[in-house]
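J.: Got a structure for you, written out below as structure tokens; questions coming shortly.
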Amino acid sequence: MNNSKGKLIGIGVGPGDPDLLTVKAVKTLESVSVICSPKSSKNKPSVALSIVQGILDGRDDEYKVIEPLFPMIEDKKALKSYWNGAAQLIAKELDEGRDVSFITLGDPSIYSTFSYVASIIGEHGYSVEMIPGITSFTGCAASAGITLGEKDEIILVVPKVDERLGELLEHADTAVVMKTSRHSLMLEELIDRDPREKKVLSVQNCGMEDEEIFDGFAKNGKYLSTTIVKFNSFRDH
């Protein structure tokens, strides 16, 4: 590995509130040469970039922002071409000796597109590191004022609702279901089938100005929706 080359740093920027950035994330964002902030479409601003913009605005040196396109599509072949395109943009900066911070909502190790690009970059011999961030679901629990797990309770975290969820729920004391607005009806049916006493709440746009917390399931189609189900939540521990 050529030590004169830059390093790729995945930074978790948390669920939405800039105050939830870690000290290490802030220090890195205050000094790194290049910020990589993927966008889901050319016309939509990056949520992750908006979270860190205040820190970047406070800098008195020059930095560069690159914004590769990562559309929300299911076609794996097409997605790979976008990941490869982003990796090429990043590698160009790394070859010039500049470090690149790839900012991502939540934590870079949990359901983040950073992992795909990091894998490509790592395979080409570049140095890669991660700075963890507060996850959306721990942010949601804090906003709602609930605990996710106590003693030996099992916490289940799933990224989507499909036929596997029914079996998994049997073993969970708390279920965290991310991006639930897309499959709310299926989720409701699965939860209703479980005979245990339960409490259901949903959080939308956690940590943002328009954050909403309410009992029940998410139904208005907001992408950043998380539903937390606590089974037997009123029992004695």
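The values are calculated or read from the model by the stated rules, or taken from the named source; none is laboratory data. Not measured: the values here are computed from a predicted model. A quick note on method: Cβ atoms are made from the backbone with ideal geometry, for glycine too, and the neighbour counts reach across all protein chains shown. Ligands, DNA and RNA are stripped out before the accessible areas are found, and what is left, the full protein with its side chains, is counted by its heavy atoms. Shrake-Rupley method; radii C 1.70, N 1.55, O 1.52, S 1.80 Å.
J.: Does Glu197 satisfy the criteria of being more than 19 Å from Ile110 (Cα to Cα) and either of a type in the set (Lys, Arg) or touching a helix residue (DSSP H, G or I) at 6+ places or on another chain (Cβ under 7 Å) (or both)?
T.: No.
J.: Test Ile55 against the criterion of being free of Cβ contacts under 8 Å to residues at least 40 places away in the same chain, in contact with a Cys (Cβ under 7 Å, 6 or more places away or on another chain) and either open to solvent by 80 Å² or more (accessible area, probe 1.4 Å) or at negative phi (or both), and give yes or no.
T.: Details: free of Cβ contacts under 8 Å to residues at least 40 places away in the same chain: yes; in contact with a Cys (Cβ under 7 Å, 6 or more places away or on another chain): no; either open to solvent by 80 Å² or more (accessible area, probe 1.4 Å) or at negative phi (or both): yes.
For Ile55, the condition - free of Cβ contacts under 8 Å to residues at least 40 places away in the same chain, in contact with a Cys (Cβ under 7 Å, 6 or more places away or on another chain) and either open to solvent by 80 Å² or more (accessible area, probe 1.4 Å) or at negative phi (or both) - is not met.
J.: So if I check each of Ile134, Ile191, Ile154, which one is aliphatic (A, V, I, L, M), out of contact with any Ser or Thr (no Cβ under 7 Å at 6 or more places or on another chain) and exposed (fewer than 15 other Cβ atoms within 10 Å of the Cβ)? Show your work before the answer.
T.: Values: Ile134 fails: exposed (fewer than 15 other Cβ atoms within 10 Å of the Cβ); Ile191 fails: exposed (fewer than 15 other Cβ atoms within 10 Å of the Cβ).
So the residue among Ile134, Ile191, Ile154 that is aliphatic (A, V, I, L, M), out of contact with any Ser or Thr (no Cβ under 7 Å at 6 or more places or on another chain) and exposed (fewer than 15 other Cβ atoms within 10 Å of the Cβ) is Ile154.
The rows are residues; the columns are (1) over 20 Å from Val128 (Cα atoms); (2) touching a helix residue (DSSP H, G or I) at 6+ places or on another chain (Cβ under 8 Å); (3) of a type in the set (Asp, Glu).
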position	(1), (2), (3)
Ile11	no, yes, no
Asp19	yes, no, yes
Val32	no, no, no
Pro45	yes, no, no
Ala48	no, no, no
Gly85	no, no, no
Leu89	no, no, no
Leu94	no, yes, no
Asp107	no, no, yes
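J.: Ok, one more. State whether one or more residues within the range 111-124 are within 23 Å of Gly139 (Cβ to Cβ), open to solvent by 60 Å² or more (accessible area, probe 1.4 Å) and of a type outside the set (D, E, K, R).
T.: There is at least one residue in the range 111-124 that is within 23 Å of Gly139 (Cβ to Cβ), open to solvent by 60 Å² or more (accessible area, probe 1.4 Å) and of a type outside the set (D, E, K, R).
J.: Here is a follow-up. Out of the residues in the range 62-79 that are open to solvent by 60 Å² or more (accessible area, probe 1.4 Å) and touching a residue at least 12 places away in the same chain (Cβ under 8 Å), state the one that is nearest to the chain's Cα centre (by Cα).
T.: In the first step, residues of the range 62-79 are kept if they are open to solvent by 60 Å² or more (accessible area, probe 1.4 Å); the result is 62-64, 67, 72-77.
In the following step, the residues that additionally are touching a residue at least 12 places away in the same chain (Cβ under 8 Å) were identified as 63-64, 67, 72.
Values: Tyr63: 24, Lys64: 23, Glu67: 17, Met72: 14 Å.
Looking at residues that are open to solvent by 60 Å² or more (accessible area, probe 1.4 Å) and touching a residue at least 12 places away in the same chain (Cβ under 8 Å), I get Met72.
J.: Looking only at the range 215-229, filter to residues that are open to solvent by less than 70 Å² (accessible area, probe 1.4 Å) and modelled with pLDDT under 90; which one of those is nearest to Gly106 (Cα to Cα)?
T.: Of the range 215-229, the ones open to solvent by less than 70 Å² (accessible area, probe 1.4 Å) are 216-218, 221-222, 224-229.
Narrowing the set further to residues that are modelled with pLDDT under 90 leaves 216-218, 221-222, 224-225.
Details: Gly216: 23, Phe217: 22, Ala218: 20, Gly221: 20, Lys222: 17, Leu224: 11, Ser225: 13 Å.
Here the residue is Leu224.
J.: Oh, and also: For the range 36-61: of the residues being at pLDDT 95 or above, over 17 Å from the mean Cα position of the chain (by Cα) and not charged (D, E, K, R), which is nearest to Glu96 (Cα to Cα)?
T.: Among those that are at pLDDT 95 or above, over 17 Å from the mean Cα position of the chain (by Cα) and not charged (D, E, K, R), it is Leu56.
J.: Here's another thing I want to ask about it. Please go through (1) open to solvent by less than 20 Å² (accessible area, probe 1.4 Å); (2) at pLDDT below 85 for Ser202 and return the number of the only condition it doesn't satisfy.
T.: Failing condition for Ser202: (2).
J.: Does Glu129 satisfy the condition of being among the acidic types (Asp, Glu) and within 19 Å of Thr22 (Cα to Cα)?
T.: Values: among the acidic types (Asp, Glu): yes; within 19 Å of Thr22 (Cα to Cα): yes.
Spelling it out, Glu129 is indeed among the acidic types (Asp, Glu) and within 19 Å of Thr22 (Cα to Cα).
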